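The values are calculated or read from the model by the stated rules, or taken from the named source; none is laboratory data. No experiment lies behind these values; they were computed from the predicted model shown. Positions of Cβ are generated from backbone atoms using ideal geometry, with glycine treated the same way; all protein chains shown enter the neighbour counts.
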Amino acid sequence: MVKVILIVAIFSLVVYIGWQLKQFYKKQEKILTDVVLFCECLLSNINFIQKPIGEIIEENKDKFAKEFREVLKSFVKSLEEDGEVEVKSRYITDENKRTIQNLFINLGKTDVLNQNSLIENSRETLKISETEAREESKTKGRAAFKLSLCLAGLLCILLI
Amino acid sequence: MLSKILPEALWAIIRDKLNETKLYEIRARRDSPIVIDYAGKGYFLSVEGISTNEKEAIIADEKLINSIVFKASNNSVYAVNEQLKQGFITAYGGIRIGICGELVIENGQIITIRNFSSINIRIPHEVKNCSLPALKFLTSDKGDVLNTLVISPPGAGKTTFLRDLIENIGIRSESKKHNLLVLDERYEIAASVQGRNMLSVGKFSDVISGATKEFGFREGIRAMRPDIIFCDELALEDDIKAVSLASSSGVVVVSTVHAKDLTELKKKSVFKNILEEGVFKRFIVLSRVNGPGTYDAIYDENFSLLYLR
């Protein structure tokens, strides 16, 4: 009986680790997709109707996943408190964090032309990262999950 | 109102140490003491409130000025760039921020202002019914409003007076269904922010914000069929032409002009013809003697005195 429980526990744990790894890559891809989408929202709203930043965020925040919503929340807080925005996410690289932070620091502070080039530059940089993240999610994410399944199966056989 | 545009530390001083209703202006110049107009007198803004000692004054820096401009623009400078190009921003509550800095010019066109060097925050004050005693002089025997020019030196409350006049005329004409059109070229009268009037111009007025007088008069008459048009600060030849055109179309015009008195107005060359033609039937001269919105004298179209304070 104890052996059966142990086998089930080990199997679950290894598969769970693999699933978590897969999720990591998925979330990495999702947050970058959200930032790129946010840039698109900014471009259309700033270019055509020059809507204030606060309104753009308020109207579009539900389009994004929890991870990026947290980043937006921190940005709005920084505006209210005159503080500096801090991009906290364990899913993206420091370089991408810096790009997003630079975008937020300068967002809303210049005229339409300068805002456009700021947002477009950030979007292009992040788009490259997004493509890489999508590839990683497809390859590494799936591989990690499959590997965890195989490993779990192998461990079970060895234990039996 | 000020809490939305000032940094917390500065707002706390005004909130805790001063009476906001007595505060008319805050001037912040880069690396210089902040000066305020408090109850009609100039003071330095200090940690303890007001001070006459420059050493106690709070010094404005680049960060403070940038922060105020950014907040006043609702964190979106691009959204107010058209105003910024003209050297001001209208913020919540009708607060008007005059801005100096470096003009960015491309092909002879102003693109924007950057590196802000100084700002002047003007806090509007409504003086309810300040125009009411004058109203009887501004109407004909039949009770119709006459073409009127409000003459005032800067800071004597011509916009305050005009705003109140619009509201009072609106109330009076309610039964007559008069259409009132407000041309708020510099967002000073109704101070519209995203389509919402921050300062009351009554329930019976339509407001066109940001347009030149020439455009406002021409298109406003076509689009809104107004009976009375109100606008601020006639100064250019085009403004005068627009007024003449509106007046000849049967639309009543009530406007303001920067001048100390009627004599000074007559010296302004652009007003020569319009004064000779007798387009304006009434002239009200304002002063700050008893606070903004005090009127000193009222004249008719022949410059005969109807009222003297």
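Where residues in region B:88-117 are among the aromatic types (Phe, Trp, Tyr) and within 12 Å of chain A (Cβ to nearest Cβ), which of them is nearest to B:Glu188 (Cα to Cα)?
Filtering region B:88-117 for residues among the aromatic types (Phe, Trp, Tyr) gives B:88, B:92, B:116.
Of the ones still in play, those that are also within 12 Å of chain A (Cβ to nearest Cβ) are B:92, B:116.
Numbers: B:Tyr92: 12, B:Phe116: 21 Å.
In this case the residue turns out to be B:Tyr92.
Selection of region A:82-95 for residues being within 30 Å of B:Trp11 (Cβ to Cβ), surrounded by 13 or more Cβ atoms within 10 Å (Cβ to Cβ) and not β-branched (Val, Ile, Thr) yields A:Asp82, A:Glu86. Among the residues of region B:262-300, the ones that are part of a loop (DSSP other than H, G, I, E, B), modelled with pLDDT of 90 or more and surrounded by 15 or more Cβ atoms within 10 Å (Cβ to Cβ) come to 4 in all.
Pick from A:Leu107, A:Leu72, A:Leu79: which is under 29 Å from B:Ala12 (Cα atoms), in contact with a Lys or Arg (Cβ under 8 Å, 6 or more places away or on another chain) and buried (at least 18 other Cβ atoms within 10 Å of the Cβ)?
Working: A:Leu107 fails: in contact with a Lys or Arg (Cβ under 8 Å, 6 or more places away or on another chain); A:Leu79 fails: in contact with a Lys or Arg (Cβ under 8 Å, 6 or more places away or on another chain).
Just one listed residue meets the conditions, A:Leu72.
When B:Ala242 is tested against (1) surrounded by 20 or more Cβ atoms within 10 Å (Cβ to Cβ); (2) within 20 Å of B:Ser140 (Cα to Cα), only condition (2) is not met. Determine whether region B:126-134 contains at least one residue that is of a type outside the set (Lys, Arg), within 14 Å of chain A (Cβ to nearest Cβ), under 24 Å from B:Gly195 (Cα atoms) and surrounded by 14 or more Cβ atoms within 10 Å (Cβ to Cβ). The answer is no; no qualifying residue exists. Taking the numbered list (1) at pLDDT below 90; (2) within 14 Å of chain B (Cβ to nearest Cβ); (3) exposed (fewer than 13 other Cβ atoms within 10 Å of the Cβ) in turn, A:Gln50 passes all entries but (3). Determine if region B:175-190 includes at least one residue that is of a type in the set (A, V, I, L, M), more than 17 Å from the chain's Cα centre (by Cα) and buried (at least 18 other Cβ atoms within 10 Å of the Cβ). Checked region B:175-190: at least one residue is of a type in the set (A, V, I, L, M), more than 17 Å from the chain's Cα centre (by Cα) and buried (at least 18 other Cβ atoms within 10 Å of the Cβ).
The set of residues in region A:57-108 that are within 14 Å of chain B (Cβ to nearest Cβ), under 19 Å from the mean Cα position of the chain (by Cα) and in a loop (DSSP other than H, G, I, E, B) contains only A:Val85.
Candidates in region B:52-87 are the residues that are surrounded by fewer than 17 Cβ atoms within 10 Å (Cβ to Cβ) and farther than 29 Å from B:Gln194 by Cα; of these, the one that is farthest from the other protein chains (Cβ to nearest Cβ) is B:Thr52.
Restricting attention to region B:63-95, which residues are at positive phi and out of contact with any helix residue (DSSP H, G or I) (no Cβ under 8 Å at 6 or more places or on another chain)? Please lay out each step first, then the result.
Within region B:63-95, the first condition is being at positive phi, and the residues that meet it are B:74-75, B:87, B:93-94.
Selection gives B:Gly87, B:Gly94.
Could you check region B:1-97 for strands (runs of 3 or more DSSP E) lying wholly inside it with 1 or more residues that are under 19 Å from the mean Cα position of the chain (by Cα) and modelled with pLDDT of 90 or more?
Ranges flagged: B:23-29, B:35-38, B:88-90.
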